[in-house]
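**Q** Before anything else, here's the structure in question.
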Amino acid sequence: MQKRGYLTKNELQKVAYWKLPRSSGHVEKNNPDYIKDITACAFSAKSERARIRVLSCLDGVGLPTASAILHLFHKDRYPILDFRAVWSIGVESYDYSFSFWWDYVTFCRELANRNDLDMRTLDRALWQYSKENQ
């Protein structure tokens, strides 16, 4: 996918179902060419705000699913925005804004760097900690 530079409809459907099964049907409304255009734009964007926000133009894609798309398919390191992982770092109240998401990304990158972890390992650890302790 990274060489290709965009997601297919099938790839988007899989990510959406994995992240939010209950609302994943909304991604069905997206035309394959629209998915290609939007994801290509997001993956080539220079600004972080554009990367995450343009993905939200897709039906059925909010910040949590957009964060999963970036996590799984972008060359840069992104955590997945998930209530469990957010709880694990001591945040109990938040909104799905760019500012919150970017603060979370920055925090997770710094935490991963300090502990010599890849983002996927950190992401899973935060999720698991919440599952066991929340």
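The values are calculated or read from the model by the stated rules, or taken from the named source; none is laboratory data. Bear in mind the structure is a predicted one, so any value in this text is a computation, not a measurement. Glycine also receives a Cβ, built like all others from the backbone with ideal geometry; neighbour counts cover every protein chain displayed. Calculation scope for accessible area: heavy atoms of the full protein, side chains included, ligands and nucleic acids excluded. Shrake-Rupley method; radii C 1.70, N 1.55, O 1.52, S 1.80 Å.
**Q** Taking the stated definitions as given, is L7 modelled with pLDDT of 95 or more, surrounded by 20 or more Cβ atoms within 10 Å (Cβ to Cβ), out of contact with any Leu (no Cβ under 8 Å at 6 or more places or on another chain) and at negative phi?
**A** Numbers: modelled with pLDDT of 95 or more: yes; surrounded by 20 or more Cβ atoms within 10 Å (Cβ to Cβ): yes; out of contact with any Leu (no Cβ under 8 Å at 6 or more places or on another chain): yes; at negative phi: yes.
Considered against the rule, which asks whether it is modelled with pLDDT of 95 or more, surrounded by 20 or more Cβ atoms within 10 Å (Cβ to Cβ), out of contact with any Leu (no Cβ under 8 Å at 6 or more places or on another chain) and at negative phi, L7 comes out as yes.
**Q** Looking at (1) within 13 Å of the chain's Cα centre (by Cα); (2) in a loop (DSSP other than H, G, I, E, B), which one does S93 not meet, given that it meets all the others?
**A** (1)
**Q** Still on this structure, I have one more. Identify all residues within region 108-134 that are within 15 Å of Y78 (Cβ to Cβ) and surrounded by fewer than 13 Cβ atoms within 10 Å (Cβ to Cβ); write none if there are none.
**A** Within region 108-134, the first condition is being within 15 Å of Y78 (Cβ to Cβ), and the residues that meet it are 108-113, 117-124, 126-127.
Result: E110, N113, D118, T121.
**Q** Are any of the residues in region 26-47 among the aromatic types (F, W, Y), in a helix (DSSP H, G or I), open to solvent by 60 Å² or more (accessible area, probe 1.4 Å) and closer than 20 Å to S130 by Cα? Don't jump to the end; show me each part of the working.
**A** Within region 26-47, the subset among the aromatic types (F, W, Y) is 34, 43.
Next, from what is left, pick out any that are in a helix (DSSP H, G or I): 34, 43.
Now narrow it down to the ones that are open to solvent by 60 Å² or more (accessible area, probe 1.4 Å): 34.
Of the ones still in play, those that are also closer than 20 Å to S130 by Cα are none.
Scanning region 26-47, I find no residue that is among the aromatic types (F, W, Y), in a helix (DSSP H, G or I), open to solvent by 60 Å² or more (accessible area, probe 1.4 Å) and closer than 20 Å to S130 by Cα, so the answer is no.
**Q** Quickly run through region 41-56 and pick out the residues that are closer than 16 Å to V15 by Cα and either out of contact with any Lys or Arg (no Cβ under 9 Å at 6 or more places or on another chain) or among the acidic types (D, E) (or both). It would help to see each step written out before you state the result.
**A** The first filter runs over region 41-56 and keeps only residues closer than 16 Å to V15 by Cα, leaving 42-43, 52, 55-56.
Result: I52, L55, S56.
**Q** Can you tell me which of V61, V105 is assigned to a loop (DSSP other than H, G, I, E, B), open to solvent by less than 80 Å² (accessible area, probe 1.4 Å) and either in contact (Cβ under 8 Å) with a residue 40 or more places away in the chain or closer than 17 Å to A16 by Cα (or both)?
**A** Values: V105 fails: assigned to a loop (DSSP other than H, G, I, E, B).
Among V61, V105, only V61 is assigned to a loop (DSSP other than H, G, I, E, B), open to solvent by less than 80 Å² (accessible area, probe 1.4 Å) and either in contact (Cβ under 8 Å) with a residue 40 or more places away in the chain or closer than 17 Å to A16 by Cα (or both).
**Q** Looking only at region 1-25, count every residue that is out of contact with any helix residue (DSSP H, G or I) (no Cβ under 8 Å at 6 or more places or on another chain) and either more than 16 Å from S67 (Cα to Cα) or part of a loop (DSSP other than H, G, I, E, B) (or both) and tell me the total.
**A** So the count comes out to 5.
**Q** Here is a further query. Keeping to region 72-82, report how many residues are touching a residue at least 12 places away in the same chain (Cβ under 8 Å) and either over 29 Å from K3 (Cα atoms) or open to solvent by 30 Å² or more (accessible area, probe 1.4 Å) (or both). Please lay out each step first, then the result.
**A** Here is the first cut: in region 72-82, the residues touching a residue at least 12 places away in the same chain (Cβ under 8 Å) are 72-75, 77-82.
Those left that are additionally either over 29 Å from K3 (Cα atoms) or open to solvent by 30 Å² or more (accessible area, probe 1.4 Å) (or both): 72-73, 75, 77.
Looking only at that region, the number is 4.
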